[in-house]
Amino acid sequence: MEVIKFPKGFLWGASTSSHQAEGGNSNDWTEWEKANAHQLARKAGNNWTKQQQEMFPEMFRPENYISGRACDHYNRFEKDFDIAKLLGHNAHRFSIEWSRVEPEEGNFNEKEIEHYRQVILALRKRGLEPFVTLWHWTNPLWLPNWASNKAVDRFIKYVEKIVSSLKNEVKFWITVNESELYSAGSQLTLLWPPAGRNFISYILTIENLIKAHKAAYKIIKSIQPEAQVGVATHNVYLEAYKNRLRNAFVKKIGDWWINFYFLDMIKNHQDFIGLNYYFYYPIKDFRIYQNKNEEISDLGWEIFPEGIYHVLKDLRKYEKPIYITENGLADAKDAKREKFIKNHLYWINRAIQENIDVRGYFYWSLLDNFEWDKGFWPRFGLIEVDYQTMERKIRPSAYFYQKICQTNSLMI
Ligand code: BGC
């Protein structure tokens, strides 16, 4: 057995997002859910294997696709943070729900802002450093589509209000979550609201999110110069199969567009990089090559921990501290989560040994939650949630992770 140590002051925790955990929201996503739940349930058979269908029959029920009460985290956050503390976490990432704090354009709801202050204070009271995401994909109903410039102006006003109100309580702000993935999901694939399929809107959405981040960065720094401001970016590990020239060429283009474009555009407007790592795509002959023998999650996503090491090495060029703001898997039986965490942390530590400045790790997610267009059946949580009773049950892998958090080290 070898003990692998993490740097002093390393942050350990888990992530959530408002729409996926809180419950009781009213935003563009809740409207989209109502309009699409039936067809999603009807089509589930086309999207998932026989085995997945048998294991998760709830995918055939429309209720699965309605976020509704979600995990009721809005009302239970104190108890949920008690568990995070018990599990040895010293940091936590969550998001503010824009549609709650600004239900009508320009009209801020002070009570809801106070709610988030209480959330932050509850974290601080338990010794957890808050990482606050200002936008995790959901929009107030009055907001124009992100393909429109107007969304940027409205976002800046919202950011200004929230940061002025909560600046004394928060040090780490994440402006936007995974702009790359959101732009594609909402403007190209028909999977997420506003469910467009328009290449120009896709590009405009990316460009607007870049503008939104840069303007938010400036405004946050002007209100709170000592704040640390970053984004959460979704980077994937693209590997050129057998290093062949044509595969290397596709990798180069893919890296440029998927992994670096957004970060390059904002590189003078960030204090840290938040990395969300989930995917490994080996490229072979202009396609993604899936090795059928590899380990997969309940969603069929290949588990490839070494990928995070390569992604981290690629981020070195930005010369910024890195926090892993998401990394996790859907695993209802909790059969693979322990190994998943252990192996990813092993590769993160390898990157740290090579002087890559990684300062924290947030497992996705603290709780089982609402997984967007897939609904409730994928189970990402360190904590299992019974959606009928809202009872929480700590999964064995959460105790494994607890040891790592408490000792700031990993035994392998
Ligand atoms: C998103 C989360 C999502 C997770 C798992 C990330 O891309 O930020 O909201 O639940 O992936 O799919």
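The values are calculated or read from the model by the stated rules, or taken from the named source; none is laboratory data. Keep in mind the model is a prediction, meaning the values are calculated, not measured. No Cβ is skipped: glycine too gets one built from the backbone with ideal geometry, and neighbour counts run over all protein chains shown. The accessibility values were calculated without ligands, DNA or RNA, using every heavy atom of the protein model including side chains. Shrake-Rupley method; radii C 1.70, N 1.55, O 1.52, S 1.80 Å.
Quick notes on this structure:
- Hydrodynamic radius (Kirkwood) for region 158-240, which is based on Cα pairs only, to one decimal in Å: 14.2 Å
- Here the Gaussian network model covers the chain, with springs between Cα atoms less than 10 Å apart; of GLN290, GLN187, GLN51, GLN51 fluctuates the most.
- Rounded percent of accessible protein surface that carbon and sulfur make up, region 151-294, 1.4 Å probe: 56 percent
- In region 96-150, the alpha-carbon atoms span a convex hull of 78 Å³ per residue.
- Separation between Cα centres of region 339-367 and region 214-266, rounded to whole Å: 19 Å
- Charge tally in the Cβ shell below 11 Å around PHE370, where Lys, Arg are +1 and Asp, Glu are -1, PHE370 excluded: -3
- For region 246-301, the solvent-accessible area with a 1.4 angstrom probe is 53 square angstrom per residue.
- Relative contact order of region 236-360, pairs being alpha-carbon contacts under 8 Å that are 6 or more residues apart, as %: 28 percent
- Couplings for region 306-315, taken from phi via the Karplus curve 6.51 cos²θ - 1.76 cosθ + 1.60 with θ = phi - 60°, read 4, x, 5, 5, 5, 5, 5, 4, 5, 7 Hz in order; Gly and Pro are left as x.
- Pairwise alpha-carbon distances in the chain exceed 34 Å for 25% of all pairs.
- Rounded FRET efficiency, nearest 0.05, which uses the C-beta distance separating LYS34 from THR389 and R0 of 30 Å: 0.75
- Estimated FRET transfer efficiency when R0 is 41 angstrom, pair GLU306-ARG197 (beta carbons, to 0.05): 0.75
- DSSP beta bridges in the chain [antiparallel fraction, %, rounded to 5]: 20 percent
- Comparing VAL3, LEU188, SER201 along the charge dipole axis of the chain, the residue lying farthest to the positive side is VAL3, per the Cβ-charge model.
- Note on region 270-412: Cα-only Rg and Dmax are 15.9, 49 Å.
- Cut-off 13 Å between beta-carbons: net charge of the residues surrounding TRP257, Lys and Arg +1, Asp and Glu -1: -1
- Averaged over its residues, region 1-153 has an accessible area of 44 Å² per residue, based on protein heavy atoms and a 1.4 Å probe.
- Compactness of region 192-257 was expressed as the Cα radius of gyration divided by 2.2 N^0.38 Å, which yields 1.60.
- Normalised alpha carbon radius of gyration of region 232-300 [divisor 2.2 N^0.38 Å]: 1.28
- In region 41-87, the convex hull through the Cα atoms has an average projected area of 4.7 nm², a quarter of its surface area.
- Placed amide H near PHE376: partners under 5 Å, 5+ positions off or other chain: GLU371
- Measuring how big region 266-342 is from its alpha-carbon positions, Rg and Dmax come out at 14.7, 43 Å.
- Put simply, the C-alpha atoms of region 1-114 give a gyration tensor, and the ellipsoid matching it has half-axes of 31, 26, 12 Å, longest first.
- Surface per residue (accessible, 1.4 Å probe) for region 350-412, Å²: 37 Å²
- The charge dipole of region 265-344, taken about its Cα centre with unit charges on the Cβ of Lys, Arg, Asp and Glu (plus for the first two, minus for the last two), comes to roughly 220 debye.
- Backbone geometry of region 136-145 corresponds, through the Karplus equation with coefficients 6.51, -1.76 and 1.60 at θ = phi - 60°, to 3J(HN,Hα) couplings of 10, 6, 9, 10, x, 4, 7, 6, x, 2 Hz, x marking Gly and Pro.
- The alpha carbon convex hull volume per residue for region 220-334 rounds to 123 Å³.
- Values of log10 I(q)/I(0), in the order q = 0.12, 0.17, 0.25, 0.29 Å⁻¹, for region 327-392 under a Debye, Cα-only, solvent-free model: -0.39, -0.67, -1.05, -1.25
- Remark: for residue pairs LYS242/LYS313; LYS161/LYS267; LYS150/LYS317; LYS5/LYS167, the C-alpha separation exceeds 28 Å in LYS150/LYS317; LYS5/LYS167.
- Phi angles across region 154-169 convert, under the Karplus curve 6.51 cos²θ - 1.76 cosθ + 1.60 with θ = phi - 60°, into 3J(HN,Hα) values of 5, 4, 4, 5, 4, 4, 4, 5, 5, 5, 4, 6, 10, 4, 6, 9 Hz, Gly and Pro given as x.
- Label-to-label distance for LYS292 and ARG316 is 3.8 nm, based on points extended 7 Å past Cα in the beta-carbon direction.
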